[in-house]
Amino acid sequence: MAPRVAGKPAIRAESGVMPLRYGDDPLLWAAWLYYEEGMTQSDIAQEMGLSRASVNAYLQDARTRGIVSIEIEQDRFRSLSIARALKDHFGLQDCLVIPSDGGERSLIERLGAAGAQVLTRFARPGDTIAVTWGRTMLALAEALDHPGLADVRIVQATGGTTGKIPWTPEACASRMAEALGARCVPLSAPAIVSSAAVREVLLAESVLTEQLGVLAEADRIILGISSLRPESTIHTSGFLDGQTQHTWYQDAVGCLIGRFISSRGAPVIGPLNERTIGLDLEALKKIPQRIAVAGGIDKVAAILAALRGGYVNVLVTDTSTGRGILTAEGYSDTSLRPPGDRQAVPLRPIGARTRIKKLINAPQDAVDESLKGALAAHERLIESLEGSPRVVVARGRREVAKVGIVIGGGSGHDPGFWGYVGQGLADAAVVGNIFAAPPPGPIMEATKAVSAGAGVLYLYGNFSGDVMNFDMAAEMAESAGIEVRSVVTTDDIASSPAESRAARRGVAGNVFIFKIAGAAAARLLPLAEVEALTRRANARTYTMGLALEPSSLPETRRPSFELGPDDMEIGVGVHGEPGILRQPLASADQSADLLLDRILAEMRPEPGDRVAVLVNSLGSTPAMELYIILRRIRQRLKAHQIEVHLSLVGPYYTSLDMAGVSLTLMHLDKDLTALLDHPCAAPALVVT
Amino acid sequence: MAGGLATDGRMEPAIDALGPAQIITLFRIISERMMAARDELGMLDGVIGDADHGSSMAAGFSAVLRAVSQADGPPGEIFTSAAHEFLGAVGATTGPLYASALLRAAKLCGDSPQITVADFPLLIPAFAEGITERGKARPGDKTMMDAWAPAARAVLSARERGEDPLSQMRAALEAAREGAASTRAMVASRGRAARLGERSLGHTDPGAVSAVILIEAMHDLLARGLA
């Protein structure tokens, strides 16, 4: 026998005698030889002095008993388990799920490539394959390269569409035919004609009859699925205008082969039905193999509808979409996680507290009782408006024609919003219930109280409730002859991508933005100028937060979301809304870096630029931790040669008892620096 | 009001119009059910929002009930004061949305001392229009509209088919339930849940669930009145 490398037995033991290192476990012996030494089962049988069948049984046993565990890479495992669940749940012939993230190539390209692979697998000589249209179909055609099948026909499943898009039915079918070396059978008519009568006339044409005859013989169809969201293929193809959708297709959630289906998968019949030339849903179901290739989170409802309706029996999609479809069907996410991942699901120990302790009286009194306390504590600076207990106004306002600043939002952000009312800051704050916008009535009362003939600026965070209520109040103010402008703050960079800045929420950055607005008004600038400076402050303010523990409402006293014992939530909302991403708890420096890096990536400061910094507690995080964070932020900013003009550290804008921190940077310029330095005296912010 | 269980067969209307007392009863039913559903709605909301939907709806409708329980004006007046009470008590997003809905309902009732049984189902499209106008949500945005819009369409198409009022309400309720269930497959694109993106999948929208409670209350009121 040839000499073995070090670590392996140099001298083989006599056949059938187990080397000592395996103890007396033949399963371990067999498994070692098979998996580590790479021996064949018959060689092992010889070595162990057993039959090959026994070796096979030993190896099986070794797996069931966990002596051998085979690990499949997590991403692949996820794809496989989702594909299998989809196949079982919807009774599919087959299902392929690709990872949702895949480097440089877009999801559509990768879905196209996967679809091409599937088609290559199934296509047989002599097949007639129907094809629809859309971005994914074109990507599939472009990825396909499988010539050499004899007598294949590719037939368009519908007539043609507008030529304004590259992924027309004609283009998809002809590209696919080319890639398969197949004959292409078009449908020589538009997919949508102007009336049912025109359709009748066209259907009588022998060319079209013949082409439709080929379509009726299809063995397979490869189809895309379109959502009905505004940016979907069905809209870009000119199939549907907003009016038609509004009038006829409101129940539709998806579209395939140019036909519309409801969330249950039932056909939604509208005027287009009589005007569409091509396969219909009944005929579709008669095609033996129906391969859908579709992915993207916006398509979940549409794909689910197609699966429920039984229009599809092979599905190619991606993991996020697949998981979305399954969760929408009631699958729990945990059953789709790799086995090693399962312990990450927080298991509540028996007897653990589910009710959070709070020092309150009746929960429904908490807001008003707390506000009364705040007013008492700061009675020299603020007071409530007679008859409107939730309107806080600054004391000793001078009788000058100054722009009135009204801020506000839900309660639970203390010292927001009352803490920012005072000389040189906001003139009034209006608060609602906990985390709920105030109604228009009190906003209007505040408006009247602070209006001094120079107009009023409404300044609040971008939440749909606040926008609605402040807008209603603005309408009331306009009819009362008070000029009102509104600035909606959008500093929370985690709440929406940079391209849609206007959709972002307003959070702790409010503190700086309120300060700028208050100072601009205190300098008696006109309304338009106060508004412009406030908008500039908002555009240059960036906030991002992370939570270690959720907050809990006085009413429920339960955590508003679940966070595992070792997790933190990145990009958490200021109302206890879950964030955008959950990851294992990191150190203070790592957390500070994570927030700062995201902010700097958007802010793009030059060396020498100045910023104001706010390290804000979301409620329960103590000053000690905030200062550790600030220390790191200052180190990093110094390394970037960014000057810090002002550092605020503390609970400036909280979310009840949430544990966590938010970081705000305001990118200063000359005007903003001067306004930030303008004196103010409010309960939560004093500049002298 | 007449008691007894409704049978499945055609029901002979015991009444042909609903007056102030019945509208107050409607708000009493809604208020009780919102109280009962408060925790469940809060839990649903906690997954994708800030957990306040249950308490907002409960607090809002109990304020409405307190304000209208002694009212004796026509239904239109009751709906109008319900709108103002609800808005004042709730604020938030839900306040303006249901205030607009209730004002549309008031408009539908006009000054008439009663709302006929035949017109009663039209309250649902009226609610839906008020909400759409104020909220601007589109179908599929995963909001209360995903229950209200199909319910409103179900009423209108049942009317076109000449079905009786209770069948119209039944169609509305079924459509609303299905609509609410379909929000599980939707990605939130409005409101606070929007920031969650795909993580909002698989969760039913609490606003759609409370919409079903409202529609169910309207259905039950009519069913009781006709029993």
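What the table shows:
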item: Relative exposure of A:48, A:624, A:176, A:137, judged by other C-beta atoms within 10 Å (fewest first); result: A:624, A:48, A:176, A:137
item: Inter-chain Cβ neighbour average for residues B:92-103, partner chain, 10 Å; result: 5
item: Tilt relative to chain B, helix B:206-226 - C-alpha long axis, 0 to 90 degrees, to 10; result: 10 degrees
item: Ranking of A:269, A:70, A:580 by count of other Cβ atoms within 10 Å, fewest first; result: A:70, A:269, A:580
item: Distant-in-sequence amide H partners of residue A:484 (H built 1.01 Å from N, under 5 Å); result: A:456
item: Distance between the stretch B:96-149 and the stretch A:54-101 - C-alpha centres, whole angstrom; result: 51 Å
item: Within chain A: Cβ-based charge dipole about Cα centre, in debye rounded to nearest 20 (Lys, Arg +1; Asp, Glu -1); result: 580 debye
item: Exercise: per-residue mean of other protein chain Cβ atoms within 10 Å, B:53-60; result: 3
item: Cα gyration tensor shape for the stretch A:559-623, rounded if a/c is under 1.5, else prolate or oblate; result: prolate
item: Structure-based [θ]222 nm, chain A - -39500 (n - 2.57) summed over DSSP H runs of at least 4, per residue, nearest 500; result: -10500 deg cm²/dmol
item: Anchor residue A:164: lysines whose Cα lies under 29 Å away (excluding residues fewer than 8 positions away in-chain); result: A:299
item: Proxy reagent accessibility, fewest Cβ within 10 Å first, across B:120, A:514; result: B:120, A:514
item: Inter-chain Cβ neighbour average for residues B:139-147, partner chain, 10 Å; result: 3
item: For the stretch B:17-226: relative contact order, % (alpha-carbon pairs under 8 angstrom, 6 or more apart); result: 21 percent
item: Longest segment of chain B lacking trypsin sites (Lys or Arg not before Pro) that sit in a DSSP loop with at most 15 other Cβ atoms within 10 Å; result: B:11-135
item: Global form of the stretch A:193-263, assessed from the alpha-carbon gyration tensor, a/c cut-off 1.5; result: oblate
item: Total charge dipole magnitude, the stretch A:351-501, about the Cα centre, Cβ charges on Lys, Arg, Asp, Glu only, Debye to nearest 20; result: 520 debye
item: Within straight-line cross-link reach of residue A:358, aspartates and glutamates at Cα separation under 12 Å, skipping those fewer than 8 residues along the same chain; result: A:555, A:657
item: Trypsin sites (Lys or Arg not before Pro) restricted to DSSP loop in the stretch A:21-119 with at most 15 other C-beta within 10 Å; result: A:65, A:105
item: Highest-fluctuation residue, B:188, B:118, B:176 considered, GNM on chain B with Cα pairs under 10 Å; result: B:118
item: C-alpha center-to-center spacing [the stretch B:25-84, the stretch A:124-172] in angstrom; result: 55 Å
item: Flagged links, alpha-carbon separation over 23 Å, of A:515/A:670; A:87/A:286; A:402/A:448; result: none
item: In degrees, nearest ten, helix B:94-109 long axis to first principal axis of chain B (Cα); result: 20 degrees
item: Cα gyration tensor category, rounded, prolate or oblate, for the protein assembly as shown with a/c compared to 1.5; result: oblate
item: Cross-link partners of residue A:372 among aspartates and glutamates (Cα-Cα below 14 Å; sequence separation of 8 or more within a chain); result: A:383, A:386, A:414
item: About the Cα centre, charge dipole magnitude for the stretch B:17-226 (Lys/Arg +1, Asp/Glu -1 at Cβ), debye; result: 400 debye
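Rule-based calculations on the coordinates, nothing more; no lab input. These numbers come from a predicted model, not from an experiment. We place every Cβ from the backbone using ideal geometry, glycine too, and count neighbours over all the protein chains shown.
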